[in-house]
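The values are calculated or read from the model by the stated rules, or taken from the named source; none is laboratory data. Please read all numbers here as calculations on a predicted model, not as lab measurements. Here the Cβ positions follow ideal geometry from the backbone for every residue, glycine too, while neighbour counts run over all protein chains shown. Heavy atoms of the whole protein, side chains included, go into the accessibility calculation; ligands, DNA and RNA do not. Shrake-Rupley method; radii C 1.70, N 1.55, O 1.52, S 1.80 Å.
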Amino acid sequence: MDRSLLLPCLLLCACAARPEPAVVPAPPAPAADKVALLVGIDRYPADAGLGELRGAVGDAQRLRTLLIGRFGFRDEDVVLLADEAATHEAIVRTFGAQLVDRAAPGTQAVFFFAGHGSRLPALDAGGAPALDGLDTSLLAYDSRGAGRAGEYDLAEHALRALVAAAEARGAFVTVIADACHAGGVLRGPAAFRSRSAPQGRRAYDHDRARGFWPLGVPYSVGPPPAVMGSSVWIGAASRDQLAGEIDAETVFGTFEPSGALTWALCQSLDRARPGAVWGEVASSTTLGVATLLPWQDVVWSGGLDRAVFGGAYETVPGFQAVALDGEAVQVAAGWVHGLREGSELDVRTADGRASLGRATIDRITPVQAHARFGRRPPQGLGRAALRAVEVGRPAGEPPLRLWCEAPGLAPWFAGSAWAVTATSLETADLVVRSGAGGYQLWTPEGGLLPGYLPILPPTFADQGRWLALCEPSLRRESLWRATSRLALETGAIRLDVQLDAPTPEELRAPVPAGWTRWVAADPRGRRVAGGARGELPMGVFRVRNPGSDPVRLAVLNLAEDARSRRVVEPVAGREPRVLGPGEACSIRVGFPAPDPWGLDRPMLDRYLFLATLAPFDAWTLASEVDLRGDDTPLPGILRQTQARWALRGTGDIDLDRSGLGIAALDVHVSRGP
């Protein structure tokens with residue numbers, strides 16, 4: 001599968017350069033250590049025929065705040081073009097003046113785009129229609145409308161030419177596009193809002209840009225070769241996927257739109273350790289997006305071993321927060337990050353150095369929390385930017401929020417240890433619908449969970465008895481989600497994990513029961529066609545301990561189709577595997593086709609890799625046991641996954657992560673041909 005990034009079909013080929021346009025030279029701009037051009041477009045001209053977006057400008061503003069506040073970009077070195085200011089000419093001119101002319105060896109340059117994306121007819125190096133058919137593009141404010149149909153889009157090869165010019169001056173360029181290049185895009189819980197525009201009918205016409213094309217930047221019809229290792233390209237989704245926007249549920253009952261990529265990327269960058277490389281940010285961002293939108297797979301290329309923005313920034317503990325009224329704070333993190341209602345927070349200044357007091361979370365959503373101070377903090381906070389560090393967490397997972405379509409059914413779930421009734425379909429985790437054999441649990445996306453809930457009276461007249469029969473299904477789903485969310489937790493121990501195709505020797509391993517033979521999976525891009533007709537595709541995880549202490553390894557598989565929690569490592573009946581310092585191992589896995597599976601997308605197959613210094617029973621994480629008190633075989637935050645909602649208040653979770661490491665990798669498994 002094509003794994004190009006920002007613009008999904010970036011072909012590296014020889015190209016014939018056109019003559020450089022004659023332009024008026026601009027005054028030389030001073031070089032800068034860090035520069036950025038951020039583009040966000042929600043509103044396009046009425047005659048452009050494009051749907052209005054809601055989160056693109058906010059995405060650009062969110063990234064701007066992070067670059068300045070965390071990574072040391074100066075305010076005057078970060079240019080933001082929004083809506084009607086983001087014309088094709090303005091983007092190209094500003095790119096040249098800001099990212100090319102000011103580039104010098106070691107400059108950290110960022111180009112970010114949030115808005116509509118499209119495709120248009122491609123040209124070959126000689127200017128004739130290309131055999132591969134389509135080019136990809138980003139849509140400036142004035143790219144469409146006024147009779148334009150693709151020729152004024154910002155085409156992929158034009159953007160590559162600009163990036164190559166900055167690279168030629170020694171800049172390290174990071175390109176981020178939170179835009180869609182295929183089909184419609186789900187934009188929130190209740191409606192379809194698209195970051196994808198209709199396909200252009202005409203190829204990109206560089207003649208229209210000659211008057212403002214940057215001086216000294218070569219232009220060619222075909223894409224120029226990328227200087228691999230000096231740039232990082234980040235795209236919201238691969239070419240055959242939807243690039244989504246989430247409507248983040250706030251603690252005030254409203255929704256804040258954001259591109260899923262931008263939201264997860266900003267979260268990952270905010271928590272990046274000094275010296276972290278882009279590969280680490282890529283992993284956590286991809287997992288964050290997949291946790292919210294399982295069908296979307298963020299794509300990356302380029303210098304993933306490059307330090308994030310040069311690595312020269314300080315550790316800032318906790319999560320971003322803002323003071324509300326002198327008595328409360330709003331935290332930019334929720335229960336997908338591990339926070340819980342009742343979690344105790346140490347609220348600190350924006351640099352994380354000074355504590356302002358303790359606050360307790362009293363309202364929480366998947367991605368946001370509201371906490372009240374126990375004692376009134378210092379006066380004059382206003383709307384100050386703060387940091388919130390979790391220092392205490394009560395036992396118990398958040399309850400599943402059920403939306404019941406059958407009239408009168410919701411009260412029958414009252415008293416459940418695993419679920420509550422959702423206030424609306426938009427806030428629901430699961431939907432209860434009537435089926436042929438009983439009630440069925442569905443995801444809001446339309447995925448059917450295995451099994452049935454029993455029919456109500458006259459079959460059952462006793463609520464307690466009926467609810468007791470429903471609880472195993474609710475418990476199974478709650479435990480599966482809680483274990484899957486461990487992928488977003490952090491630990492002090494590092495593990496290096498990658499997925500490879502098997503060697504011929506590895507393919508000679510015994511075949512699992514029910515299959516006739518192994519076949520080699522092609523795991524490039526973490527997308528695999530599932531096995532069928534007796535042939536089981538094999539992939540191999542290469543796991544390495546880069547640390548200085550031996551660690552015990554456990555691997556769990558969390559398949560989205562069966563909602564199962566399966567222990568891959570250690571093998572049943574064997575002692576846990578111990579990886580010494582610098583030691584690596586290989587773990588073979590098979591990828592059967594998803595079943596049952598009714599969604600028009602690949603199934604998300606999550607693998608969780610756990611490293612501990614002390615022994616623990618990994619099989620507990622695949623059990624249906626309710627854990628209580630401190631008498632548990634699980635360390636720290638792993639115990640949280642097994643604690644039901646009704647156990648809140650029975651004791652705090654140990655948040656010590658010094659002896660724990662967590663890594664995760666998602667594989668998208670399709671039904672195959």
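The 3J(HN,Hα) values that the Karplus relation (6.51, -1.76, 1.60; θ = phi - 60°) gives for segment 75-83 are, in residue order, 3, 6, 9, 10, 9, 10, 10, 10, 6 Hz. Gly and Pro appear as x. Each residue of segment 277-293 was assigned a 3J(HN,Hα) from its phi angle through the Karplus expression (A = 6.51, B = -1.76, C = 1.60, θ = phi - 60°), giving 9, 4, x, 5, 5, 4, 5, 5, 5, 4, 5, x, 5, 5, 5, 8, 10 Hz with x at Gly and Pro. Within the shell defined by Cβ-Cβ distances under 14 Å, the residues around Leu381 carry a net charge of +4, with Lys and Arg each +1 and Asp and Glu each -1. A Förster radius of 25 Å combined with the Cβ-Cβ distance from Arg517 to Asp595 puts the calculated FRET efficiency at roughly 0.80. In this structure, the amide hydrogen of Ala276, modeled 1.01 Å from its nitrogen in the peptide plane, lies closer than 5 angstrom to those of Val308, counting only residues at least 5 positions away or on a different chain.
Calculated over segment 337-392, the projected area of the Cα convex hull averaged across directions stands at 3.9 nm². One equal scatterer on each Cα of segment 233-340, no solvent, Debye formula: the resulting log10 I(q)/I(0) at q = 0.12, 0.13, 0.23 Å⁻¹ is -0.47, -0.55, -1.32. Which shape class applies to segment 48-97: rounded if a/c is under 1.5, otherwise prolate when a/b exceeds b/c and oblate if not, where a ≥ b ≥ c are the square roots of the Cα gyration tensor eigenvalues? Because a/c hits 1.5 or more and a/b fails to exceed b/c, segment 48-97 counts as oblate.
Measuring between their Cα centroids, segment 461-514 and segment 518-544 lie 18 Å from each other. Can you tell me how segment 379-516 classifies by the Cα gyration tensor, rounded, prolate or oblate, using a/c under 1.5 as the rounded cut? Cα axes put segment 379-516 in the oblate bin. Across segment 294-360, the fraction of Cα-Cα pairs farther apart than 19 Å, rounded to a whole number, is 53%. So for segment 325-420, considering every pair of alpha-carbon atoms, how many percent are separated by more than 24 Å? Value for segment 325-420: 33 percent of Cα pairs lie more than 24 Å apart.
Give me the distance between the Cα centres of segment 35-61 and segment 270-294, rounded to whole Å. A separation of 24 Å, based on Cα centres.
Residue separation of Leu507 and Ser548 scaled by 0.36 nm, minus their Cα-Cα distance, works out to 11.5 nm of gained length. Remark: segment 312-424 carries 41 Å² of accessible area per residue (probe radius 1.4 Å; ligands, DNA and RNA excluded). Out of every Cα-Cα pair that segment 498-567 contains, those further apart than 19 angstrom amount to 49 percent. Here the Karplus curve 6.51 cos²θ - 1.76 cosθ + 1.60, taken at θ = phi - 60°, turns the phi angles of segment 518-525 into couplings of 7, 10, 6, 7, 9, x, 4, x Hz, with x standing for Gly and Pro.
Between the beta carbons of Ser434 and Glu535, assuming R0 = 45 Å, the FRET efficiency works out to 0.70 to the nearest 0.05. If a/c stays under 1.5 just call it rounded; otherwise compare a/b with b/c (prolate if a/b is bigger, oblate if not). Do that for segment 460-533, with a ≥ b ≥ c from the square roots of the Cα gyration tensor eigenvalues. In terms of gyration-tensor shape, oblate. Taking 17 Å as the cut-off, the amide N atoms of segment 516-542 that come nearer than this to a point 7 Å along the Cα-to-beta-carbon line of Val571 belong to 518, 538-542.
Ranked by the mean number of other Cβ atoms within 10 Å of their residues, highest first, the peptides 282-295, 549-562, 582-595 fall in the order 282-295, 549-562, 582-595. Based on the reciprocal of the average 1/r between different C-alpha atoms, the Kirkwood radius for segment 506-617 equals 15.5 Å.
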